[in-house]
Every structure is written in structure tokens, then in C-alpha cells.
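Below: one structure, written as C-alpha cells.
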Amino acid sequence: MTLTDLNRGFRDDEQRQRVQRVIHDRLADDRDPQECRFLMRFWWQLVMSYQEVSMDELSLNVGKPKLDVIEALISAIRSSHADIDTWIATTQRVFPVVQDRGFMAARDDES
């Protein structure tokens, strides 16, 4: 399944940015660098019209719970704007905000 059509599935830039914030803030956890890397490549895929990441790569590098959420997002993008809004709300309820260890370490170094 190609993912190059995803950038055209949003109501507007604001909705796309909200989805990207959820991916960044709640799914891309730097404690698992490989998974984080591929989730961030998917994050970029939401803006790009070329192939940044494939479903096969996501399947190999993203754990089942988060992969299920990504697959649900893809279905929502291909279904309706309302489904995307529902995905955002549901994902925000299920996944807590990830604490960015790199940012915290940089802040501690500056103190």
C-alpha cells in the first residue's frame, strides 16, 4: 500500500499539524530510537508527496500497539475529516505525552 496520497487527505494544514503533533508528542518515543525514527519518517510522509516510508518499513520497525494506531490513522485519512478528528481525540486519550529525554538533558546541561 502506497502512502504518497496521505498529504491530500486533510481538511486543512491545521488538521494535518494536529495529527503531526499527536505523532510527535505521544507516539515517537526516543527511548526506542529505531521505532522513533520510523514514526518520524511517517510524520514527514504526511506532508510529502514522495515515498518517505513504506508500510513494510513501518511494520518491521514499529511495535504493534503504535502500528495499529498508525494504520487507523491511514484509514481515517482515506475516509473522512471527521474520522481524523476522532483519531486525534482517541489517540490523545490512550497515549500519554512522551517525555523528551534529549530536550531535558540539554536543559540540564545549560543549568
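Dividing the summed helix terms, -39500 (n - 2.57) for each DSSP H run of n ≥ 4, by the number of residues in the chain produces a 222 nm estimate of -19500 deg cm²/dmol to the nearest 500. Close amide H pairs (under 5 Å, H built 1.01 Å from N) link D30 with R101, residues at least 5 positions away or on another chain. Cα centroids of the stretch 1-22 and the stretch 35-63: 13 Å apart.
Which percent of the accessible heavy-atom area of the chain goes to carbon and sulfur, probe 1.4 angstrom? Display every interim value, and only then the final one.
On the way: 3310 of 6500 Å².
Roughly 51 percent of what the probe reaches on the chain is carbon or sulfur.
Computed FRET efficiency, Cβ-Cβ of T86 and T2, R0 25 Å: what is it to the nearest 0.05? All intermediate terms of the calculation are to be shown ahead of the outcome.
On the way: r = 24 Å, r/R0 = 0.96.
It comes to 0.55.
In this simple spin-label approximation, L60 and M48 carry label points 7 Å from Cα along the Cα→Cβ vector, and these lie 1.6 nm apart.
The values are calculated or read from the model by the stated rules, or taken from the named source; none is laboratory data. This one's a predicted model, so the numbers in the text were calculated from it and none came from an experiment. Using ideal geometry, Cβ is built from the backbone for each residue, glycine included, and neighbour counts are taken over all protein chains shown. We work out accessible area using only protein heavy atoms, side chains counted, and drop any ligands, DNA or RNA first. Shrake-Rupley method; radii C 1.70, N 1.55, O 1.52, S 1.80 Å.
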